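Working notes, beginning with the structure itself.
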Amino acid sequence: MTEPFKNKVVMITGAASGFGALAAARFAARGARLALSDLRESALSDVADKLRAQGVEVLSDRVDVTQEAPIKTHIARIADEMGGLDVAINNAGMGHAVKPLQHLSVEDFDRSIAVNARSVFLGMKYQIPLMQMVGQGAILNVASAAGLVGAGHLAAYAAAKHAVVGLTRAAADENAQRGVRINALCPSFSATPLFDEMADQVGARAGLSREDAYARIAKRVPMGRVCEPEEVVQAMLWICAPENSFMTGQAIAIDGGLTAV
């Protein structure tokens, strides 16, 4: 296997499971040095320890990505102990109860904005200066297909993910001549723990098993299936690759055609 990220420092938030954990493994397999964070300390330690056992250099911290101080401290530690930052994947996120907007609480809305959008703002606030110092770097913000279209019964999540796309485009415009590329990835339904939670809610309302709920949701996708996490992570690798040097400010949908119709 080639190593396009050999000795590159790759930061991944939300690295304890789902896209984040898989991305850590795939970037490591391509030579990366990793800086991982998550709020779930035990699960993050499991991911980090497994990679270290394979000879991968891993810095890991428990970080609440909704708060400025922990993010600032984590990124400062990356700079001090790893010598800089080449790639940042702002992946941490959460869903919320599947229900109409008027039934969402203010707390539901504020929490979704904090975890899904404020975290991206805070991450870039401290990632960008490190990359500007050396005149290069790639930032990938994980948004969602819900950040490109309406997403009924997921209003707070959709609002937050639209914000991620907007933040991405603004930051990309500001940094296009500074050597820092900034893009967003917008997956649709994918077989992750977050989607399992949504499918369970849909199933409970309709009296369906998780498997039948998956099938019902998959019918909304033109390809007739949900996305595999590996497909999303392969897109991450391509978007962040040094060879992909002319892409910035884009919101790339990995969605089986969902946003095309």
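The values are calculated or read from the model by the stated rules, or taken from the named source; none is laboratory data. What you see is a predicted model; the values in this text were computed from it and never measured. We place every Cβ from the backbone using ideal geometry, glycine too, and count neighbours over all the protein chains shown.
Listed values, structure above:
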{"quantity": "Qualifying positions in segment 211-261 - surrounded by 14 or more Cβ atoms within 10 Å (Cβ to Cβ), assigned to a loop (DSSP other than H, G, I, E, B) and among the β-branched types (Val, Ile, Thr)", "calculated": "221, 226, 248"}
{"quantity": "Subset tally (residues that are of a type in the set (D, E, K, R) and either buried (at least 22 other Cβ atoms within 10 Å of the Cβ) or in a loop (DSSP other than H, G, I, E, B) (or both)) for segment 45-98", "calculated": "3"}
{"quantity": "Qualifying position, being under 19 Å from the mean Cα position of the chain (by Cα) and without any contact (Cβ under 8 Å) to a residue 60 or more places away in the chain, among 53, 32", "calculated": "32"}
{"quantity": "Residue check, residue 249 touching a helix residue (DSSP H, G or I) at 6+ places or on another chain (Cβ under 9 Å), touching a residue at least 24 places away in the same chain (Cβ under 8 Å) and at positive phi", "calculated": "yes"}
{"quantity": "Lone qualifier among 205, 210, 178 - being farther than 24 Å from residue 17 by Cβ and not assigned by TED's automatic domain parsing to the domain that holds residue 126", "calculated": "205"}
{"quantity": "Qualifying residue in segment 192-206 (condition: within 22 Å of the chain's Cα centre (by Cα), part of a helix (DSSP H, G or I) and modelled with pLDDT of 95 or more)", "calculated": "no"}
{"quantity": "Test: residue in segment 90-98 that is in the same structural domain as residue 249 (by TED's automatic domain parsing), farther than 20 Å from residue 239 by Cα and without any contact (Cβ under 8 Å) to a residue 40 or more places away in the chain", "calculated": "no"}
